[in-house]
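Worksheet: one structure, shown below.
The values are calculated or read from the model by the stated rules, or taken from the named source; none is laboratory data. Here the structure is a predicted model, which means the values were calculated and not measured. When we count neighbours, we look across all protein chains shown, and the Cβ atoms used for this are built from the backbone with ideal geometry, even at glycine.
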Amino acid sequence: MSRVNIVKRIKIGGRWKMFSIPRNAKGNYDWNAIADGRYYVEWYVGGTRRRVSAGVTAAQALEVQRRKPHELEGRKLGIPGFETAGETVKKPALHVAITRYLEQIDALKKPNTHRKYEAVLNRFGEFFRDCVSIDAISGDDLTRFVVTRKKDHGLGSNTILHNAVIVAQFLKRHGRSGITKELSLPERITPLVKIYRHEELARFFAACSDQERALFATFLLTGFREQEVMFLRWSDINFELRTVRVTSKPELGFYPKRWEDRDIPAPLELIDELRKHTHRPNCQFVFPSPTGNGEQHMLDHCKSIATRAKLDPAKFDLKTFRSTYATGNAAKGFRRTDRAALDGPQVPGDHDALSGAGHRCSRRVGPGDYSFRREGRPGAAKVRRARDPFPSEGRTIACPRRRAGTRRRATTRYLSIPSLLRMSQCWMRRPSGHRKLLLRQLTGGTGNHADYDRAAGGHSPRA
C-alpha cells in the first residue's frame, strides 16, 4: 500500500513553505510544534510527487491520510469509482486541447472533414484566446461567440448550426457535454432542391466534347459525388451487367461516404458513352488528369462548358447533377428505401410527394434480387427475381397473371427480357396508365388477353 505523509504549509518571511509534522517522544504527531497553517497529504506515483489539500485541523488531515491509501489501492486494482483516486485531473490549455483534437480528426476522419473542423475550431480558439482552460468557458460566452459570428461575420443560419455542432463535439470530448443545450441557436433553413431543366442539359451537352460528354453523363446518370468520379477505375465498370461500382481505395486515401460501397445500375446510354470513351494506356482512372492522376478540375470544366453554351456558370456545379439524378428517381416512382440504395447516403430532399408517385413502379436492388413491381392496383402483373440486374438477351422470366373477370390465376406465361424491359420502361413513364394501353404499345393490338398471349409467344420455361 502507498505511503501517505502529512505536511503543513506555513508562511515564513513572506514566503510559503512546506514542513513535515514532527513527532514527540512517544512517536505520535506533535501538532503544536509548528505555527498555524494548512495541512496537505503527499505521496509518490511512478517517481512523481502528488499533493492534495487536507484541511485546517489535525482531525481533517488524519481522515484524509486514512482514506487516501485505500483510494490508491482501488485505482491500482481497477475497481470502478476509483479511476482518479480522488485527484482532480488538470485539463490542458484551450489551444493545446484544440491542437490535440485536430490531430485525432486528421488521423480518423477524411481530409475534407479535417479542413472543416480546423477552420471552425481555430476561429473558436481565437475568440477565446484569453481563456486559460475549457472549464473557464461558460454558456454566456458561447452565446456571445454565436452572436458575433452571426452579426459581425455575416454567417448564415445553417452555417452557424454547423459550427455549433463541431464546437459541441469538441467540448463533449473534454467533459462539457451539456453546455451547448443552453445556446439559443437560429432555426435551420431547408432550401428547395436545385435541379437542371431539360433545356439546360440539352444546351450543356451540346457544347461538350466527346470526353466531356462521357464525364458529365457519368455525373448525371449515376448521381456520383466528385471524388467518386475522380477515383473511378475501369475495373469498377461492368459492361456485361451494366453496373458501375463505388469502392474504397485505401492506397489512394479514398473512402466512400460513410464507408459504404455500392453498386449502381447504369443506363444503356451511359454504357455506350463509356465504351466510346478513350482508355489511356497504363492508366487505371476512367477520367484522368493530363498527368495520369485523378482529375481535380472537374468543376472548372463544368463552368467552362456552361460559358460556351451561353448559360449562367454560377448556376452550374457538380452537386446539382446528383440532385437532378435523385429527383429523377423520385419522379419515376422509386421508393425512398430504393433510392437510398441507388443514391448512397444522404439522398437530397424528400421527393415522395411528387406528382405521379401514387402508382409507382418500384425497383428493388440487392445481391441476386432485381424486380419490377406495379403498386396500387390488385391483380397487377408482377415480375419476380432475375439473377442479375441486366440479364443477357434471350432469357425469360415467369410472369403470373389473372384470368379476365375472375380471381383465378391463369397459367404462368414467360416474357422475354427485351419485352419485359420495354414494359417496365413504359410503367415508369406512365405510372397511372392502364394495362390495355401498355399491351397496345407492346403488341400494336387492342390490348386484350390475346394480345397478352401473343406478347409472350415463343415462351419457354426459365432455366
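A residue that is within 21 Å of the chain's Cα centre (by Cα), at positive phi and either in the same structural domain as Glu212 (by TED's automatic domain parsing) or at pLDDT 90 or above (or both) occurs nowhere in region 245-252. Quick check on region 291-303. Is at least one of its residues more than 27 Å from Lys315 (Cα to Cα), assigned to a helix (DSSP H, G or I) and in contact (Cβ under 8 Å) with a residue 40 or more places away in the chain? The answer is no, given that none of the residues of region 291-303 is more than 27 Å from Lys315 (Cα to Cα), assigned to a helix (DSSP H, G or I) and in contact (Cβ under 8 Å) with a residue 40 or more places away in the chain.
Candidates are the residues of region 289-312 that are farther than 13 Å from Glu212 by Cβ and surrounded by 15 or more Cβ atoms within 10 Å (Cβ to Cβ); the one that is modelled with the lowest pLDDT is Gly294.
Of the helices (runs of 4 or more DSSP H) lying entirely inside region 105-216, the ones with 2 or more residues being assigned by TED's automatic domain parsing to the domain that holds Thr278 and out of contact with any Phe, Trp or Tyr (no Cβ under 6 Å at 6 or more places or on another chain) are found at 198-206. Residues in region 1-60 that are aliphatic (A, V, I, L, M) and not in a strand (DSSP E or B): Met1, Val4, Ile21, Ala25, Ala33, Ile34, Ala35, Ala54, Val56, Ala58, Ala59.
Report whether or not Phe224 is in the same structural domain as Thr307 (by TED's automatic domain parsing) and either of a type in the set (A, V, I, L, M) or assigned to a helix (DSSP H, G or I) (or both). When the stated conditions are applied, Phe224 does not pass them. Of the residues in region 170-184, at least one is closer than 26 Å to Lys257 by Cβ, in contact (Cβ under 8 Å) with a residue 60 or more places away in the chain and surrounded by 18 or more Cβ atoms within 10 Å (Cβ to Cβ). Screening Leu241 on (1) in contact (Cβ under 8 Å) with a residue 60 or more places away in the chain; (2) in a loop (DSSP other than H, G, I, E, B); (3) in the same structural domain as Ile98 (by TED's automatic domain parsing) shows it passes everything except condition (3). When each of Trp16, Trp31 is tested for being surrounded by fewer than 11 Cβ atoms within 10 Å (Cβ to Cβ), at pLDDT 85 or above, more than 50 Å from the chain's Cα centre (by Cα) and not assigned by TED's automatic domain parsing to the domain that holds Arg176, the lone residue that passes is Trp16.
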